[in-house]
Structure formats: C-alpha cells, structure tokens
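Shown next, in structure tokens, is the structure this report addresses.
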Amino acid sequence: MNPHFLLLPSPRQLVFHKGSHRLEQNRVIQICASHNDQIIASAKELKNAIFDHDKKNWSITLGQSIPAERIAARLEIDTESLKHPQGYHLTIGENGIEVIGVDEPGLYYGIQTLKQILSQRSGERLPYLDIIDWPDFQDRGVMLDISRDKVYRMDTLFMLIDELASWKINQIQLYTEHTFAYYGHETVWQDASPLTPENIIELDRYCRQRFIKLIPNQNSFGHMTRWLKHPQYQHLAETTDPIQTPWGHVMEEPFSLSPVLPETITFLSELYDQLLPNFSSRMFNVGCDETFDVGKGKSKAAVQAQGMDQIYLDFLLSLHWEVTRRGFTMQFWGDMILEHPERLSDLPNNIILLDWGYEQDHPFSDETMAIKQAGINFYVCP
C-alpha cells in the first residue's frame, strides 16, 4: 500500500506501519465510557461513515463483555492519555480501530480524522497507522456572512457545519446586520430571507452535537444601513448626509448608529433581548467596526469636545454593560480602538477584541503585542 492522505488540519504525528486492516461486515463499535449523548452521537457519525465508505453495517454498544473478534472499533475517553485539551490518539492496527480522546471533543476530532481517511481510501482495507494530534488554539472559529451575500438555506448551513466540524472548527458566527427575524421590525428583514428564532435554536443544537459554539453576531454601531435607510429608524443615524468613505467612494445612505443618543442603546437592548436567548453560547459579537462617519453628524460636538476615542470608548462600554448584564462575554472588532492603542488599557478585562485584517502584510504582530500588553483577551482574525 502507498497511502497518501490530505488531513485537515495536518496532525502533529502520523506514523504508518507495515500492514493493513480489513473492514468486516456486522461488527461492533464499542464505547468504553459512561452513557453520554454526545459520545453516542460521535459513534453514530463513525457508523454512518463506515456504511457510506464500504456498505458495512456496524452496531454501537456500551457493553464490555463483547468478544474481541466482534469489536471493530473502540472509542475511549482517557484524561491521562495526552496533556493537551481536545487531543486524541487514533490507531489502526491488528486489533482494529481505536480512538482515544483526552476529552469528549478530542474523541470527536479523532473520529473526524478517521472519516477523512475513509473518504480518501477505496475498498475494504485501511493502512496500519498511529495519529496523535491536538490543537494549537483552544478557540478556532469561522464567520459566514449572511448580510452582504445570500442567506443560506438550512440544509446548506447544516452541510457547512459538518464540513467545518470535520476540520476541527469549534466556533461559528453568522455575520448579521438585518437578517434575523426580529419581531416588530419586519420592514427591515421582510425581503431578506432571514433566519428565525426557531432556525437559530435548531442550528445551535446541531452545532452543540459537533462541539461547536454558535456565537450570536449582531452589528451594533456601523454597517447598519439596512436599518437606517428606512424612515422609522433614521432618527437613530449619526448622519443622513452623504459621507466619503476611507476606501474611496461616497456612501449615500446612513451607515452608523449615533453613539450619543440614549435611544440607540434602548433600540439595541430590545434587539439583544430577542436575539440572545436563542443561543447556548455565552459569547456575543457586537461588531462596531469601520465607524468612519462618527463625528460627522449628531456626535460632532461631542467628538470635538472629548475626542473621537472617548466617544467611541464610551459607547463600547455602554454595549459591554448591556451584554454582560445578560450573562454574555462581549466580542468586538478592534480596528477602531486600535487607532488609539493608548486606550486599550481602558477596556474591561472580560472582553474579547477581534483583531482583523484582510491583507497579507497586516501588522498582526504589532497589534497583538499592544493588546497583550494591555491585558486584553483577543482573537486573530485574518
């Protein structure tokens, strides 16, 4: 055999051994752990993958008195097997398949690697091998835009969640401006195919089964044109005048909520009360990027008197209070506060700054060093 596998992510250790294992019909997947719905769901994924690969029907058991020759795969949790959370050890050898996870996510990720191997082999035989792996980062996320592009159908979202889970992604956000079906705000989303609360509840359940946190996302400062272009929301806009953008064109419609209006926080508080209860994650991304029009309308006098950095920070702290009092940890895009790095130390320590950049030469090293020195938690978001 000359095995070549493309495994994503590439494991830390992959060793091939001489020989190959034959997949047999009517064998057993033995779970060597206490009854646990998520572990059983992981075992079912393996069972389905084996059937899809070679039409072999395997069953699942938690029983221990199974003849060794009937056991095709053993799934086990061993907290001492590796010193790294979410790690696993996958073995294919003379005694069949064994997946040992240091914890439940680790066991699941070992099964995902095995599924990738199955998808790249034909026939009944798999090479003898040992794989050991664990992630560099505890949190590994992907954000899908459902506001500037299409809103995915539920079947597409389920497919994408499965694909991302197979790559050991454990956080997903659906970038939202106006595409959640907020009650009482139908004017904004009625032609946008929004996700409903029921959709989110189902997606959240589906993600949890795959050790993914579905993190709520609602832009709460800039990028609010889809709301502010409607007459009933224009009183919340920083300005309705055309604005020259930093990227070279004129924005004809209102863009940002005004940070100096008490009504802005009242408006967002209502949205949060409708949105957040549908998620099991305790993190929430409030956006707040690219607020280039602040200081050019209703907040102009305040910005002139106190500075752009103070007005932005005050509004950010107001959002932080709204988020934390609901039991969530706030995430926000860091581009605007990073224009005033001296203000990083004024941020609360229970906040996550999302440091994003599109270009290959984005100064992530400099920015993250400043964030770290200020004692702020952060994600790097290329």
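The values are calculated or read from the model by the stated rules, or taken from the named source; none is laboratory data. Being a predicted model, the structure only gives us computed values, none of them experimental. We place every Cβ from the backbone using ideal geometry, glycine too, and count neighbours over all the protein chains shown. SASA here: full protein model, heavy atoms, side chains in, ligands and nucleic acids out. Shrake-Rupley method; radii C 1.70, N 1.55, O 1.52, S 1.80 Å.
From the list 30, 13, pick out the single residue that is open to solvent by 70 Å² or more (accessible area, probe 1.4 Å) and in contact with a strand residue (DSSP E or B) (Cβ under 8 Å, 6 or more places away or on another chain).
Values: 30 fails: open to solvent by 70 Å² or more (accessible area, probe 1.4 Å).
Of the residues listed, the single one that is open to solvent by 70 Å² or more (accessible area, probe 1.4 Å) and in contact with a strand residue (DSSP E or B) (Cβ under 8 Å, 6 or more places away or on another chain) is 13.
Under the condition of being open to solvent by 50 Å² or more (accessible area, probe 1.4 Å) and in contact with a strand residue (DSSP E or B) (Cβ under 9 Å, 6 or more places away or on another chain), which residue from the stretch 56-65 is modelled with the lowest pLDDT? That would be 64. Scanning the stretch 158-180 turns up no residue that is surrounded by fewer than 19 Cβ atoms within 10 Å (Cβ to Cβ), polar (S, T, N, Q) and in a loop (DSSP other than H, G, I, E, B). Among the residues of the stretch 290-319, those identified as on the phi < 0 side of the Ramachandran plot and open to solvent by less than 20 Å² (accessible area, probe 1.4 Å) are 291, 293, 294, 299, 311, 312, 313, 315, 316, 319. Within the stretch 137-157, the set of residues being outside any strand (DSSP E or B), open to solvent by 40 Å² or more (accessible area, probe 1.4 Å) and closer than 17 Å to residue 206 by Cα comprises 152, 153, 154, 155.
Pairs linking a residue in the stretch 60-72 that is farther than 21 Å from residue 94 by Cβ to a residue that is at pLDDT 90 or above and among the β-branched types (Val, Ile, Thr), with Cβ atoms under 6 Å and 6 or more positions apart or on different chains, are 60/29; 61/28; 62/31. With the condition kept exactly as written, say whether any residue in the stretch 272-279 is touching a Lys or Arg at 6+ places or on another chain (Cβ under 9 Å), closer than 26 Å to residue 207 by Cα and aromatic (Phe, Trp, Tyr). Yes: the stretch 272-279 contains one or more residues that are touching a Lys or Arg at 6+ places or on another chain (Cβ under 9 Å), closer than 26 Å to residue 207 by Cα and aromatic (Phe, Trp, Tyr).
If you filter the stretch 181-206 down to residues that are hydrophobic (A, V, I, L, M, F, W, C) and either free of Cβ contacts under 8 Å to residues at least 24 places away in the same chain or not in a loop (DSSP other than H, G, I, E, B) (or both), you find that the one that is surrounded by the fewest Cβ atoms within 10 Å (Cβ to Cβ) is 201.
Residue-wise test of (1) surrounded by 19 or more Cβ atoms within 10 Å (Cβ to Cβ); (2) farther than 25 Å from residue 120 by Cβ; (3) in contact with a Cys (Cβ under 6 Å, 6 or more places away or on another chain).
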| site | (1), (2), (3) |
| --- | --- |
| 37 | no, yes, no |
| 54 | no, no, no |
| 69 | no, yes, no |
| 78 | no, yes, no |
| 86 | yes, no, no |
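Of all the residues in the stretch 207-236, those that are closer than 14 Å to residue 177 by Cβ, open to solvent by less than 70 Å² (accessible area, probe 1.4 Å) and either touching a residue at least 60 places away in the same chain (Cβ under 8 Å) or not in a helix (DSSP H, G or I) (or both) number 10. Of the strands (runs of 3 or more DSSP E) lying entirely inside the stretch 58-113, those containing at least 1 residues that are basic (Lys, Arg) and closer than 24 Å to residue 211 by Cβ are 71-77.
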